[in-house]
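Below is one structure, written out as structure tokens; comments come after it.
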């Protein structure tokens with residue numbers, strides 16, 4: 001295994017860091033001020049950043065297909081994803097923000113030419129955004145087979161009914177469509193993982209209604225947001241099926257593998273920024289006649305943070321390397337391992353940084369509370385820790401148990 005950053009990766013990383021330093025950080029305050037003044041409007045500075053990023057060749061860098069993106073492998077993109085985790089607005093600047101990345105990956109892999117023309121290309125151009133509607137409020141969505149929402153074929157149409165929530169990105173002013181997952185085989189005759197479908201639903205289709213935006217840790221996460229959405233007799237053409245009826249779980253698995261790598265590396269970027277802030281605070285503040293860095297167990301806190309980040313990064317890079325070599329299915333255990341390890345590592349480091357900042361760490365004067373909220377949510381979305389531990393254990397025990405188990 002070789003996790004050394006390739007020359008191409010190093011080039012992208014250097015250019016991305018320089019772009020952030022020169023273009024983003026000097027105007028970060030402008031972005032937040034614009035959002036505070038008009039929370040659900042796209043700040044003008046964001047569109048300026050996006051245009052500059054595209055001109056600089058720092059655009060769609062998450063896609064490994066050279067036809068559509070930068071052509072970087074998962075291992076090459078991983079360090080770039082980490083860098084974008086340092087500031088919450090960075091993924092959008094480089095057109096690499098969730099859930100759009102996953103939706104674009106789906107359309108690249110499974111979309112028809114017509115679907116790619118209508119939805120994928122405008123997304124790749126950064127002209128529109130999207131949402132993903134899978135989680136439901138009325139069932140335990142950690143087991144997606146519990147899903148109650150339906151996407152049933154009637155003639156040449158798909159009729160959609162149901163309620164979804166935590167539909168991230170649906171509040172963005174440029175959101176134009178969602179990918180909806182629902183039950184197509186309501187008879188229960190098909191195998192349980194062949195009963196569901198994914199469907200492209202334009203947001204302005206009659207019957208689609210955003211009931212409310214959900215706050216997390218008291219924040220609405222503007223301008224993207226997380227919505228509770230109802231679908232009432234929504235009708236779209238059968239051509240809006242992605243890959244065909246009954247293939248929802250297949251598409252979901254193809255969607256989630258790369259996305260989990262991206263999220264985990266962004267979490268480590270958040271941890272790195274938190275550790276930097278922790279150390280800066282620890283050496284600049286004095287209490288009881290000593291810098292905070294030398295008080296009590298703080299040296300151990302700093303050392304443990306560094307070790308934990310390094311271990312989590314190596315595990316994540318291994319998962320990315322394996323995805324490149326053997327695909328998502330072959331790297332299933334490693335992907336689940338990082339999905340558990342990376343956010344817990346980040347939370348531990350961010351919590352330590354909040355603690356050493358005292359009251360300031362709890363306020364919006366630092367980015368720590370926002371980073372903490374993101375990483376805490378990560379222990380639930382894309383599969384909760386418990387589900388991933390179950391996957392890891394199943395694969396591990398499969399080496400010992402008879403096949404009948």
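Bear in mind that the values in this text are calculations on the coordinates, not laboratory data. The structure displayed is predicted, hence computed values, not measured ones. As a convention, Cβ positions derive from the backbone with ideal geometry for all residues, glycine included, and neighbour counts pool all protein chains shown.
Relative to the longest principal axis of the Cα atoms of the chain, the long axis of helix 368-378 makes an angle of roughly 40 degrees.
The C-alpha atoms of the chain define a longest principal axis, and helix 332-357 lies at about 40 degrees to it. Taking the helices alone, the chain has a mean residue ellipticity at 222 nm of -15000 deg cm²/dmol, built from -39,500 (n - 2.57) per DSSP H run of at least 4 residues and averaged over all its residues. Shown is the FRET efficiency for residue 284 and residue 41, computed with R0 = 30 Å from the Cβ-Cβ distance and rounded to the nearest 0.05: 0.25.
Ranked by the mean number of other Cβ atoms within 10 Å of their residues, highest first, the peptides 108-119, 344-355 fall in the order 344-355, 108-119. Model label sites at residue 325 and residue 153, defined 7 Å from Cα along the beta-carbon direction, differ in position by 4.1 nm.
Between the beta carbons of residue 364 and residue 390, assuming R0 = 51 Å, the FRET efficiency works out to 0.85 to the nearest 0.05. Taking 286, 186, 101 as the candidate residues, the one with maximal mean-square fluctuation in a Gaussian network model of the chain, Cα springs under 10 Å, is 286. For the peptides 23-29, 362-368, the ranking by mean Cβ contacts within 10 Å, running from highest to lowest, is 362-368, 23-29. Between residue 239 and residue 11, the FRET efficiency estimated from the beta carbon spacing at R0 = 56 angstrom works out to 0.85. A protection proxy built from the mean count of other Cβ atoms within 10 Å ranks the segments 150-156, 80-86, 187-193, 41-47, most packed first, as 80-86, 41-47, 150-156, 187-193.
Going by a ≥ b ≥ c, the root eigenvalues of the Cα gyration tensor, does the range 7-124 fall in the rounded group (a/c under 1.5), the prolate group (a/b larger than b/c) or the oblate group? Here the range 7-124 falls in the oblate category.
Rounded to the nearest 10 degrees, what's the angle between the helix 28-37 long axis and the longest principal axis of the chain, both from Cα atoms, 0 to 90? The angle comes out at about 50 degrees. Potential lengthening of the chain between residue 193 and residue 140 amounts to 17.4 nm, from the contour at 0.36 nm per residue minus the alpha-carbon distance. Using a cut-off of under 18 Å, list every residue of the range 314-339 whose amide N is near the label point 7 Å from the Cα of residue 304 along the Cα-to-beta-carbon line. Inside the label zone: nothing.
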